[in-house]
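Asker: Below: one structure in structure tokens.
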Amino acid sequence: MKKLLLTLLTAVSFAFSAGVIAQPAPEPAKMEAKAEEAKSAPAQAAAPEAAKAAEAPAADAPKPPNINKGDTAFMYVAIVLVIFMTIPGLALFYGGLVRSKNMLSVLMQVMVTFSLITILWVAYGYSVAFTSGGPFFGGLDKLFLAGITDASGAATFSKDTYIPEYLFVAFQATFAAITCALVVGAFAERMKFAAVLLFLTIWFTFAYLPMAHMVWYWDGPDAITDEKSLEAVTAAAGWLWAKGALDFAGGTVVHINAGIAGLVAAYVLGKRVGLGREAMPPHSLVLTMVGASMLWVGWFGFNVGSNLEANGVAALAFVNTLVATAAAVLAWTFAEWMGKGKPSMLGAASGAVAGLVAITPAAGFVGPMGAIVIGIVSGILCLWGVTSLKRMLGADDALDVFGVHGVGGIVGAILTGVFASPSLGGTGICDYVKNVCGQPLAGGISGQVLVQIEGVLIAAVVSGVVAFIALKIVDLVVGLRVTEEEEREGLDVSSHGEKAYN
């Protein structure tokens, strides 16, 4: 235990020092409301000093952020739903897919990963991801949430509309936590518990945080008043945001990021003992179906909450999340039925997750018909991803993290560039200089698709390289894999000293 604590502290310290070296001096963070300049009325020159002091109006206080109570209440619900989709949703979905002797190990990895990343997020993650500093990393001026108070505002996507910054911190913490928890499925049933925590600490710091900053960081709509200010905001924004990449709720940041990390981990760890020679069916498809259903419910918080406002765009994201997922379930089910002769419950549950993944980057950008197309395409391609593609790759991605989240995320990210166009029922983009939305895509559909592909490639490279280096470091420090005897016994007993079922 001491060794594990020392290892984690070393990793966090390394992250802090790396950020300090890489970043310029801290600048004001994106999410703080802009204060107006204090003004004082001129005093009458002829009046005595005492009269001037009495008659001159007091200086105006800085204007507080306009916290919208409806949006604030909406975000409380969204945050709770994202927690629900992770624990218990993702935990039960993954737990049902492994053998009974590893059920508790998966539940433990998901819950403790969620807890670990939440603490790292408030310690330094939020500051690195959502303050200004550079195109790839933010600054360190909000370490341990320094400077954030109950009066601090976080910008939404409408001018002069804010939510409490603490809520934005919590919402983004759940995104970071579930992304790391998703990776767990790729190396299920064979990785040391200490190695899981140390690996995800490093990967979170050097893969998740820069991707979140590159895709989602900007100074907010109130900072844009004319072309000159737009140029300044673009120059200070995350690298992919400045290029115009569209990612409503995490196609690149969450799903492609996690999918690539999982694939790399599966290669580095190697295959489970007995794979291909021994049967390894899911021990409880009932729990997997329950988990998938919880994921679908919680995903409304994930996608709809990413709008940060309870308005028409949030309603659009809600409908899109509903219909894309339903379309993916049907597409996977019928494709499997045609190919194998029987539709399976596992296929329907996997199709639901595939549709949820694919609509994530597009939820608030495309129309419902575009969402249905995205759902159908993702259902079919993710089925291919967990069968034919998986065999071609040859990696033991135990719970198909890449086949569903990687492939689904790529499909969704690219098709967002197509169906976001107003000519195809999408919402287009916003012009904050004129303060109007629904504008045509800056480079047209082809130009936007190229930007989306660039985002996909950047996510794949960053996640893959960081995951590989992190795994090698962890192997040197604590070792990656349990022994063959421990693996055959099951991680529930060998790693945690208990059983899921007695």
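Asker: Roughly what % of DSSP beta bridges within the chain run antiparallel, to the nearest 5?
Answerer: Numbers: 6 of 8 bridges.
Within the chain, antiparallel bridges account for around 75 percent of the total.
Asker: Another question, then. Counting helices only, and only those DSSP H runs with n ≥ 4, report the 222 nm mean residue ellipticity of the chain as the sum of -39,500 (n - 2.57) divided by its residues, in deg cm²/dmol to the nearest 500.
Answerer: On the way: 21 runs with 288 residues, N = 502.
Helix contribution divided over all residues of the chain: -18500 deg cm²/dmol.
Asker: Also: Which entries of Lys228/Lys434; Lys159/Lys434; Lys101/Lys340; Lys69/Lys243; Lys101/Lys342; Lys390/Lys472 have Cα-Cα distances beyond 22 Å here? Display every interim value, and only then the final one.
Answerer: Details: Lys228/Lys434 13 Å; Lys159/Lys434 11 Å; Lys101/Lys340 29 Å; Lys69/Lys243 33 Å; Lys101/Lys342 28 Å; Lys390/Lys472 24 Å.
Too far apart for the 22 Å limit: Lys101/Lys340; Lys69/Lys243; Lys101/Lys342; Lys390/Lys472.
Asker: For the chain, which longest stretch is free of loop sites, where a loop site is one of the GluC sites (Glu not before Pro) that DSSP puts outside H, G, I, E and B and that has at most 13 other Cβ atoms within 10 Å?
Answerer: Between the exposed loop sites, the longest stretch runs 38-497.
Asker: Checking understanding here: applying a Kyte-Doolittle mean of at least -1.0 and a length along the axis of at least 20 Å (C-alpha), which whole DSSP H helices in the chain pass?
Answerer: Counting only whole DSSP H runs, the qualifying helices are 2-22, 69-84, 103-120, 165-183, 285-304, 312-340, 345-359, 368-386, 444-477.
Asker: Please identify the longest segment of the chain free of exposed trypsin sites (Lys or Arg not before Pro), where exposed means a DSSP state other than H, G, I, E or B and no more than 13 other Cβ atoms within 10 Å.
Answerer: Values: sites that count: Lys39, Arg277, Lys434, Lys499.
Longest run free of exposed loop sites: 40-276.
Asker: Here's something else I'd like to know. With 10 angstrom as the radius, rank Ile163, Ile372 by how many other C-beta atoms surround their C-beta, starting from the fewest. Don't skip to the end; give the middle numbers.
Answerer: Details: Ile163 26, Ile372 22.
The order, fewest Cβ neighbours first, is Ile372, Ile163.
Asker: Taking Cβ-Cβ under 4.7 Å as the only way to count a partner, pick out the unpartnered cysteines of the chain.
Answerer: By the Cβ distance rule, which asks for a partner under 4.7 Å, the isolated cysteines are Cys180, Cys382.
Asker: Distance between the C-alpha centers of region 71-91 and region 371-400? Whole Å please.
Answerer: Each part reduced to its Cα centre gives a spacing of 27 Å.
Asker: Oh, and also: Hey, got the dipole for the chain? About the Cα centre, +1 on K and R Cβ, -1 on D and E Cβ, debye to the nearest 20? Display every interim value, and only then the final one.
Answerer: On the way: 28 positive and 35 negative charges, 288 e Å.
Roughly 1380 debye for the chain.
Asker: Compute the distance from the alpha-carbon center of region 257-306 to that of region 438-499, in whole Å.
Answerer: If you average the Cα positions of each part, the centres end up 13 Å apart.
Asker: What residue among Gly355, Pro422, Leu383 has its Cα farthest toward the positive end of the dipole of region 65-479, where the charges are +1 on Lys, Arg and -1 on Asp, Glu, each on the Cβ?
Answerer: Leu383
Values quoted throughout were computed directly from the atomic coordinates according to the rules given, and no laboratory measurement underlies them. Since this is a predicted model, take the numbers as computed values, not measurements. Here the Cβ is made from the backbone with ideal geometry for all residues, glycine too, and neighbour counts use every protein chain on show.
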